[in-house]
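*Asks:* Below: one structure in structure tokens.
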Amino acid sequence: MAMQPRELAEKIATVADEKKGKDILLLNMDGISYMTDYFVIASASNTTLVRAIADAIEDKLAEEEVFCRHKEGYNSGRWILMDFGDAVVHIFLEEERDFYNLEQLWADAPSEGFKGTGDGE
């Protein structure tokens, strides 16, 4: 059985948290964007960690037969975008997240904070 959009977003956020992602945020895009139901946004302190978070998300979801449809930015590791259909993941280097400020750009989207283990904070 396929995951519901919220369940998928939570799974992605959990994996990012386990890999030391910071400031994890879920934006509910339902009714705002035709492209996806959720944005999952996370930050990391260096490009190696940005890539490690992306790899972990891709690997963990593949185990559940949920596959990334498209991925951009992996080589630079500054902002990786991953499209899982019902959820689009944005993993940022901290300064890139501050610069692009997706939370402000999509301010109409209800923000659904993520309460993880706190290890990534």
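The values are calculated or read from the model by the stated rules, or taken from the named source; none is laboratory data. Note that this is a predicted model, so its numbers are computed, not measured. A quick note on method: Cβ atoms are made from the backbone with ideal geometry, for glycine too, and the neighbour counts reach across all protein chains shown. Surface areas here come from the heavy atoms of the whole protein model, side chains and all, with no ligands, DNA or RNA. Shrake-Rupley method; radii C 1.70, N 1.55, O 1.52, S 1.80 Å.
*Asks:* Can you say what percent of the DSSP beta bridges in the chain, counting only those with both residues inside, are antiparallel? Round to 5.
*Replies:* Of those bridges, close to 70 percent are antiparallel.
*Asks:* With a 1.4 Å probe and all protein chains left in place, how much of the accessible area of the range 33-121 comes from carbon and sulfur atoms, in whole percent?
*Replies:* It is 47 percent, rounded to a whole number.
*Asks:* In addition: Cut-off 10 angstrom, C-alpha nodes, Gaussian network model of the chain. Which of L102, L93, L25 fluctuates the most?
*Replies:* Judging by the Gaussian network model, the answer is L102.
*Asks:* Right, something else. Based on the mean of other beta carbon atoms within 10 Å per residue, what is the order of 62-70, 106-114, most packed first?
*Replies:* 106-114, 62-70
*Asks:* Using Cα-Cα distances under 8 Å and only pairs 6 or more residues apart, what relative contact order does the chain have, in percent?
*Replies:* 33
*Asks:* How large is the charge dipole for the chain, taken about the Cα centre, if only the Cβ atoms of Lys, Arg (+1) and Asp, Glu (-1) carry charge, to the nearest 20 debye?
*Replies:* That gives the chain a dipole magnitude of about 220 debye.
*Asks:* Based on the Cβ-Cβ distance from E7 to D108, what FRET efficiency comes out when R0 is 25 Å, to the nearest 0.05?
*Replies:* Calculated value: 0.60.
*Asks:* Rolling a 1.4 angstrom probe over the protein heavy atoms, how many square angstrom per residue are accessible across the chain?
*Replies:* 54
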